[in-house]
Amino acid sequence: FFFFFFLRRHRTMTTSHIAKVFGLLLVLCAVSTQAVSTYYASPSASNLISCTEELPCSLTGAIQLAQDNDVVMMLEGTYNDPTIFPIVVNKGITLRGIVPKSVTVDCSTNGTSICLEVVVPIDRFFNFFVNDVVFQNFYPTASLHHGDLSAVVLVRADISSTIPEFELAQGVTFTATSFFNNSAPVDSSKQPWQYPSVVLVMGLPQSASVAFENSVFSANGIEVFRTLYSSLVLQSCTINNNNQAIENAYSTVLSAAIHPWIGGSFILIDDCLIASNDGFADLMTVSGVRCLNASYCLGLTISSSNIQVNRGKNGITLYDGASLNVMNTNFFSNFFTDKSLIYSHQAVTESRLTLEASVFEDNTLGFGNTINGLVEGSWSSQSTINSCNFTSLASENAAILVRGSLLITNSSFNYYNGLYVLEDSTVTVTQYSFNGTGSLVTAVGSEYNIAGSTIVSLVNSTFNVVDTKDTPSTAISTKGYVNALVSGSTFNDGKLLANCSLEGVTFSSLVQFVGNKNSVKKNDGSVKENAQGCQVVCNNPNKDICNGQATVKNNTHGTKGMPVWLQVCLPISFFLFGVFVIVVGVFLIRRKKLAITTN
């Protein structure tokens, strides 16, 4: 049942991920047929013999006696004996709290930089579970266990294992676990480790993944998740009120490096609440190491989640071709001071973006000297935004800033600016609704390179440009040469075009301009007050509001985007050159006549 439910919910999963899930089911079926022993542990026990409920062992003793598929039942209390740390497990066992929320591992007495270490063998089937345990008060000291690594939970591959001929399914699952008040020294110069984290996962094979289900991460002062070439699944988790206190310019709530050749290749966040996290450089970063083609890396998938009231420099940042898939997710009242809520770092390999049925409401970007976009980046040709709603009154930045290619369908924008399309980009917009006080589209094209110009297609859309200023708002604002196609759309009020340095805009017969502020020119030669250098010539000479086919003429730039200064200088140059030729000609003729007379 779980297998088919998972396939139904995540239809974009590849064959390799389906194989992982199926392999895990086979392991679970095999486990269910084997005898399971239960070993009891107590915070105060020192017995290492029976490990019964009546005569429990220490936690270390119970783990030593347990074998694959066995259960270590942790009795109520706080486990803080310094001798049990770090808790190291390399067996496929289950650590289970006997009563929910009654078992606490207090890492404050930990003499190392690791509280719980799970070592995953790669040469055999392996499944390790932790249920109903609280991990808290982690504060690493200089007594290190693994060089510069520091984490409440470290999950790593056993590099001493023999590499098998084929991949074997391995899984590490935490269910109903909690992580509270874990931190590290604030002064980075006193830290002998890098990036202390609540959870650090590294170097697992592609067949392995780490999952957290129904778990809580709260009031932590260090990074929450860091994965290196390993898959991570967060299901129905709460990640809130974490505040980065470490002097670390690269800290995140979640950081992942994706490598499709040597490790896991996906991060999945499903049905989670990520809220009120502050002080981090980025909310999430995903780096697509060696993603030479965006299709190689699945990257980060967020579904059916709420991301709200987070603060920091950036939201979700993608590097080196990592992809982002967001479905049925709400982004509410987040504030980021640097660039964007979703940002793709410009690189050789463009990232692939998919936003589906999601809401972006009242998110704010820091004000700077340049235009930022709530969603900004260099996107590949496979990138799409479908059935999304962008709403905000708090920022004069654009909802979407585009480099590369993007298809936008069935989406609505109630924003100061809708789209800011940069040079050499191609954007197609269909069934689009805009209600704003700025520009529907600001397109930046090339002044001279017509072949590489920006292309914008607006199809079957509605644009309500709200005029709230002395100067009417603008539907389409252009800089440089822009080729645009507008079909089946309606413009309500506001100036239609501004800064019109284009000659490639055409309107179909289905386009309607409604209101008394659109910049148009009648065929009789009269020009509306707000023409701003652009002329929209109506098909019907008796109408100054084009209610049918219209053609854009340009009196700011000449043919193929020739700038004004060049239009002015060229005739003057030709005139001066002509005068020069005449003067030289006259001089030569007179000199010749003089020579003849002398002879």
For this session: Read phi for every residue in segment 318-335 and hand back ³J(HN,Hα) as whole Hz from Karplus 6.51 cos²θ - 1.76 cosθ + 1.60, θ = phi - 60°, with x for Gly and Pro.
Result: 10, 10, 6, x, 5, 9, 9, 10, 10, 9, 6, 10, 10, 10, 10, 6, 8, 10
Problem set entry | Cut-off under 5 Å, modelled amide H: who pairs with residue 150 long-range | 194, 197
For this session: Quick one: what are the phi-derived ³J(HN,Hα) couplings along segment 53-59, Karplus 6.51/-1.76/1.60 with θ = phi - 60°, whole Hz, x for glycine and proline?
Result: 5, 6, 10, x, 9, 6, 4
Problem set entry | Net charge over other residues, Cβ less than 15 angstrom from the Cβ of residue 300 (K, R count +1; D, E count -1) | -2
Exercise. Under the Karplus relation 6.51 cos²θ - 1.76 cosθ + 1.60, θ = phi - 60°, what is the ordered set of whole-Hz ³J(HN,Hα) values for segment 400-413, x standing for Gly and Pro?
Worked result: 9, 10, 10, 10, x, 10, 7, 10, 10, 9, 6, 10, 10, 10
Problem set entry | Relative packing of 301-310, 48-57, 215-224, which averages over residues the other C-beta atoms within 10 Å, highest first | 215-224, 301-310, 48-57
For this session: Against the globular-protein guess of 2.2 N^0.38 Å, express the Cα radius of gyration of segment 28-117 as a ratio, rounded to two decimals.
Result: 1.06
Problem set entry | Distant-in-sequence amide H partners of residue 217 (H built 1.01 Å from N, under 5 Å) | 179, 238, 239, 240
Seminar exercise, completed: Heavy-atom accessible area of residue 356, protein chains in place, probe 1.4 angstrom, given in Å² to nearest 10, is 70
Seminar exercise, completed: Residues whose modelled amide H sits under 5 Å from the amide H of residue 326, counting only those 5 or more places away in sequence or on another chain, are 302, 354, 355, 356
For this session: With label points built 7 Å along Cα→Cβ from the Cα atoms of residue 214 and residue 356, find their separation and express it in nm.
Result: 2.7
Exercise. Between residue 572 and residue 460, what FRET efficiency comes out of the Förster formula 1/(1 + (r/R0)^6) with R0 = 56 Å and r the beta carbon distance, rounded to 0.05?
Worked result: 0.75
For this session: First measure r as the distance between the Cβ atoms of residue 424 and residue 583, then evaluate 1/(1 + (r/R0)^6) with R0 = 41 Å and state the FRET efficiency to the nearest 0.05.
Result: 0.35
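The values are calculated or read from the model by the stated rules, or taken from the named source; none is laboratory data. All values derive from a computational prediction rather than experimental measurement. Positions of Cβ are backbone-derived with ideal geometry, glycine not excepted, and every protein chain shown enters the neighbour counts. For the accessible areas, the whole protein counts, side chains as well, though only heavy atoms, and no ligand, DNA or RNA atoms are used. Shrake-Rupley method; radii C 1.70, N 1.55, O 1.52, S 1.80 Å.
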